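What follows is a short report on a single structure.
Readers should treat all values here as calculations from the given coordinates under stated rules, not as data from a laboratory. None of the values given here were measured: they were computed from a predicted structure. Cβ atoms come from the backbone with ideal geometry, glycine included; neighbour counts cover every protein chain shown.
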Amino acid sequence: MFDVEKVRNDFPILKRKIHGHDLVFLDSGATSQKPESVIKAMDDFYRNTNANIHRGVYELSVESTGLVDEAREKVANFIGARPEEIIFTRNASESLNLIMYSWGRDNIKKEDAVLISKLEHHSNLVPWQELCRETGAELRIIDVDGEGKLIVKNQKIKNSKTQSEVFIENGLRVRLGSLESLIADGKVKLFSVTGVSNVLGTIPDLAGMLTAIKRKAQNATVVVDASQMVPHMKVDVKTLGADFIAFSGHKMLGPTGTGVLWGRKEILSKMRPFLYGGDMIGEVKITGATWADIPSRFEAGTPDIAGIIGLGAAVDYLENLGMDNVREHEKELIKYALERMSKLEEEGLVKLYGPRDIEERGGALAFNVIGVHPHDAAQVLDSFGIAVRSGQHCAAPLVMSFGVPAMVRATFYVYNTKKEIDYLVSKIREIPKVFA
Amino acid sequence: MSDYKDIIIDHYKNPRNFGSLDDADINMDESNASCGDMIQIQVKIGTRKEPGLPRSVRNEDEVIKEMKWRGVGCAISTAAASMLSEKIVGMSKKELEDFGENGIVEMLGGEVNAGRMKCATLAFRGLLKIFETHE
């Protein structure tokens, strides 16, 4: 295990005061803070190496190209992939859109179904809604139970026809139900699911679900939205069972403006480009062009070179901590937070959401303070220097299915401590007093 | 807690003009998509003819005569809707536009953090839409 105090020293922003208090940053699920080494890698690049990649024969360009290649290798090694399978994007949303536009439009037909879950962030929901609306395919959504876990088995309902519900609006057909009921007819062509819920922290049983799906639809393509997964636990694409994964660099200590799409080489090689322009072409004539090999085919235009180099430094930082240690650290934090918060729940002060078993839960703590709107709760916490997110967390259908318009969410990362959780709990007690 | 002045807490706990109108001229729903807050505004509209003025200078602008509202929201959006429901009586579209977001901030005690402006202006945006649809 790593020394959290030493880790904290690597993050300059943690020395900041907010409204006269020490910053307690509990919003890493939205974006993480950046260690000195990441900031320095980008600063060094701009000071000493800045030049565009690929196109230059001069020294600086050669060096820049080398640094981007090196970062690509680091990211690839980090998730057990081959470098050419790593495509740099702006963020996970762009990665998912790339799959939708490039793979989805050529492969999803009217008679197919696209399967997702109710846990999805809007970025893994809205692209598929639009694809299904365009193609006429059915969008199927695995429902969640009261703890925010995916419903796998059909429930004991007498009339088997009620195992799933159908909604039709603006030309889109949506079916909501248990996994079992949604895969029975073998029509699922694409399964896109989150690895860890950004709201409730739910970690779905990916392996179990994939086995069930592949039994009914052997050729289904699998996408994992790994935005809340890759920053927090060891991910190896060789054993994950996915064909694509999407994640953001800025949620894993890297700079904003960086995201990653990983795809299997065999699939990526057959896909058409998503964006057209410089650097993604083979040969260009006035009447048309051929496409570059992967990954260049999917990286039109000048990329965020400094950002990619910064992301490489972030991977180094995480590798140095060890991803198993990162997961252990967060498990301890969420376990402790749930223990402390359960006491407040027993007192009728808060309502907690999400699985109680920490083996099935990442470092996200969703809650509401009874009788206080989440924005008000978050603002009172801010006045004590605590940064939490409030609202629908880009997952409106999920949040509203718990019968509330919004939730407060605290998310933990490598630099958070039990002391900070104690402070959070003590300040949550102050919230109702403000509105009393 | 500078953002929660007494006046905000007062209007939050005892919202004015909360309810509905049976004979409303216009109904309008407005929401904040990212936080799930929504408000339903109902108004009666009339013209302002101030007695005693010569006919040529009477203001024929349409003004809000009465406003009732309902909704779910935070302390800031609730207090802002409550205060605005009193302020709006007799206001024309131009006067509301002139009042603007600055007027809302003033009304709430002079300080609203930028992250809460969407809450503070929820009812205001609904009222602007009311004038737009009525044109």
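Let me check I've understood the local charge: for A:Ala366, count other residues with C-beta under 11 angstrom from its C-beta, Lys and Arg +1, Asp and Glu -1. What total comes out?
On the way: positive: A:Lys351, A:Arg361, A:Arg389, A:Arg409; negative: none.
For residues surrounding A:Ala366, the net value is +4.
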Requested in this report: Enumerate the aspartates and glutamates that A:Lys433 could reach by cross-link, defined here as Cα to Cα under 16 Å, with residues fewer than 8 away along the same chain left out.
Outcome: A:Glu347, A:Asp376, A:Asp382, B:Asp3, B:Asp6, B:Asp10
Query raised in the report: Does anyone have the angle between helix B:75-87 and the longest principal axis of chain B? Alpha-carbon axes, 0 to 90°, nearest 10?
Result: 20
Query - Calculated from backbone phi, Karplus (6.51, -1.76, 1.60) coupling profile of region A:220-231 in Hz, x at Gly/Pro - result: 4, 8, 10, 10, 10, 7, 9, 4, 9, 10, 4, x
Report task. Name the residue, out of A:Asn52, A:Asn124, A:Asn198, whose mean-square fluctuation peaks in a Gaussian network model built on chain A with Cα pairs under 10 Å. Result -> A:Asn52
Report summary line: GNM of chain A, Cα pairs under 10 angstrom: of A:Pro12, A:Pro35, A:Pro255, the biggest fluctuation goes to A:Pro12
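Over all residues in B:8-17, what is the mean tally of Cβ atoms on other chains that come within 10 Å of each residue's Cβ?
On the way: counts 2, 3, 0, 0, 3, 2, 0, 0, 0, 0.
Partner-chain Cβ atoms within 10 Å, mean over residues of B:8-17: 1.
Under the definition of partner shielding as Cβ atoms of other protein chains within 10 Å of a residue Cβ, what is the mean value for peptide B:31-42? Please list the in-between numbers first.
Values: counts 1, 5, 3, 7, 10, 12, 5, 1, 0, 0, 0, 0.
Whole-number average of other-chain Cβ neighbours for B:31-42 is 4.
Does region A:1-75 come out rounded, prolate or oblate, given a ≥ b ≥ c as the square roots of the eigenvalues of its C-alpha gyration tensor, rounded meaning a/c under 1.5 and, failing that, prolate meaning a/b above b/c? Provide the component values of the computation, followed by the final result.
Details: a/c = 3.02, a/b = 2.41, b/c = 1.25.
Because a/c hits 1.5 or more and a/b exceeds b/c, region A:1-75 counts as prolate.
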Query raised in the report: When all alpha-carbon pairs of chain A are counted, what percent fall beyond 33 Å?
Result: 38
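Mind ordering A:308-321, A:330-343, A:352-365 by average Cβ neighbours within 10 Å, highest first? Working shown, then result.
Details: A:308-321: 22.3, A:330-343: 18.1, A:352-365: 20.4.
Put in order of decreasing packing, that is A:308-321, A:352-365, A:330-343.
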Requested in this report: Give, in nm to one decimal, the length gained when the segment between A:Lys351 and A:Lys433 is fully stretched (0.36 nm per residue of separation minus the Cα-Cα distance).
Outcome: 27.8 nm
**Report entry** Set of aspartates and glutamates with alpha-carbon distance to A:Lys34 below 19 Å, sequence-local pairs under 8 removed
**Finding:** A:Asp3, A:Glu5, A:Asp10, A:Asp22, A:Asp43, A:Asp44, A:Asp304, A:Asp316, A:Glu319, A:Glu330, A:Glu420
Requested in this report: Work out the mean other chain Cβ neighbour count within 10 Å for the residues of B:116-123 and drop it here as an integer.
Outcome: 1
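What does the helix-only formula give at 222 nm for chain A: each DSSP H stretch with n ≥ 4 adding -39500 (n - 2.57), the total divided by the residues, and the result rounded to the nearest 500 deg cm²/dmol? Intermediate results must be reported in sequence, preceding the final value.
Values: 15 runs with 147 residues, N = 436.
Helix contribution divided over all residues of chain A: -10000 deg cm²/dmol.
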Query raised in the report: About the Cα centre of the protein assembly as shown, what is the dipole size in debye to 20, counting +1 per Lys and Arg Cβ and -1 per Asp and Glu Cβ, all else neutral?
Result: 1100
Report task. Quick one: of A:Lys331/A:Lys418; A:Lys335/A:Lys427; A:Lys17/B:Lys118, which pairs are farther than 23 Å apart, Cα to Cα? Result -> A:Lys17/B:Lys118
Requested in this report: Can you figure out the FRET efficiency of A:Thr211 with A:Glu169, using R₀ = 45 Å and their beta-carbon distance, to the nearest 0.05?
Outcome: 0.85
Report task. Express in nm, to one decimal, how much length is gained between A:Trp291 and A:Ala184 on full extension, taking 0.36 nm for each residue of separation and deducting their alpha carbon distance. Result -> 34.6 nm
Report task. State log₁₀ I(q)/I(0) for region A:1-160 at q = 0.09, 0.11, 0.12 Å⁻¹ as given by the Debye formula over alpha-carbon point scatterers of equal weight, solvent excluded. Result -> -0.57, -0.80, -0.91
Report task. Tell me the label-point distance for the pair A:Glu73, A:Arg327, using the 7 Å Cα-to-Cβ offset, in nm and rounded to one decimal. Result -> 2.7
Query raised in the report: How big is D for region B:6-134, in µm² s⁻¹ as a whole number, if Stokes-Einstein is applied with the Kirkwood radius of its Cα pairs at 4 °C and 1.567 mPa s?
Result: 86
Requested in this report: Treating cross-link reach as a plain straight distance, find the lysines whose alpha-carbon is under 26 Å from the alpha-carbon of A:Lys189, omitting any fewer than eight places away in the same chain.
Outcome: A:Lys109, A:Lys110, A:Lys118, A:Lys149, A:Lys153, A:Lys161, A:Lys214, A:Lys216, A:Lys238, A:Lys265, A:Lys270
**Report entry** Peptides A:68-75, A:263-270, A:387-394 ordered by average Cβ neighbours within 10 Å, highest first
**Finding:** A:387-394, A:68-75, A:263-270
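Where does each of B:Glu101, A:Glu85, A:Glu169 land when they are ranked from fewest to most other beta-carbon atoms within 10 angstrom?
Listing B:Glu101, A:Glu85, A:Glu169 from fewest to most nearby Cβ atoms yields A:Glu169, B:Glu101, A:Glu85.
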